[in-house]
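Structure, as structure tokens:
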Amino acid sequence: MQAEAAERIITSMTSTNLVLFLAVVALTLFAIYRRSTAASTVAPREVAPPAFEPRLAAFLKAFHSATSETDADYAAALAALQQDPERMIAAIADGTRQCAPGDYALRRALLYAASSLGHPAALPLLADAASRRFKEIPSPDFHEQTLLTQEMMLRTTAVEGIEQLARAGHEGALDSLLTLSDSPVLSVRVLSFTALRAADSSGQIFSRAAARLKQEDRFLLHYRRVPIEEVPGINDPRVHLMNPEQNIARPPLLSADSPEGYRPAAAPASGAPKSARKG
């Protein structure tokens, strides 16, 4: 009888624990459901856009709507911006701090505004943007690579602005380019050497940057900016293709004096297949 009583007690305790466990699970699931329902019914919080200085706001609006730098509204907004460059640099710096990290279009536009002022007061802001570090070994994830590209564009935009100051004769800009020529970011190094070659009339700063290069980085000395007309071209790229891509109908060639200015294709290389030499 004692054994039967003990068995009944154990069975009773087990049933009680099971009931408590199921009650806890039910309450947990109900709490999760209520939370998800509440989250779906709450309106998203609106984030107020940055409040820019009126002239800066007008420039940003013209910058995004203009089709070229000769646009009348853009030219007028730029002229207004350049009337008080030091105050506008402070407004640009303040606007940059207000930007969300992922608002790359606006951040680039602000850097372009700072560059367009052509004033040495913009140098600290541009130099800071160009020298900022990010992940040295980015994730292979596509989203991460896209963000890395956007970050890279911010830095190259800043370097281009520093080059404009250097071309205008501001020595501090040359010093900044010298510092950036040693950047861990390859694109920044390439642009810095290209800018030094174009803006350093004496060649002294460029020589100092070149002297610091390691042997494996000497290729940076060969980058230069040239007019589009001087870029080598290929008249008929099909002669360099392998079969069967090469065996396609050849379009008629425009004459040398055509309005479009195209030149007739040069004779293909002697080793090209006969199908590419017809016509």
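The values are calculated or read from the model by the stated rules, or taken from the named source; none is laboratory data. Treat the numbers as computed from the prediction; the structure is a model and nothing was measured. Cβ placement follows ideal geometry from the backbone for every residue including glycine, while neighbour counts extend to all protein chains displayed.
Worth a mention:
- Condition met for residue 202 (loosely packed, with under 14 Cβ neighbours inside 10 Å, part of a loop (DSSP other than H, G, I, E, B) and either modelled with pLDDT under 90 or more than 23 Å from the chain's Cα centre (by Cα) (or both)): yes
- Pairs, first farther than 18 Å from residue 187 by Cα in region 208-235, second of a type in the set (A, V, I, L, M) and at pLDDT 80 or above, C-beta under 7 Å, six or more apart: 208/178
- Among the candidates 194, 146, residue that is under 25 Å from residue 109 (Cα atoms), modelled with pLDDT under 85, of a type in the set (Ser, Thr, Tyr) and assigned to a helix (DSSP H, G or I): 146
- With respect to being over 17 Å from residue 159 (Cα atoms) and without any contact (Cβ under 8 Å) to a residue 12 or more places away in the chain, residue 75 fits the description.
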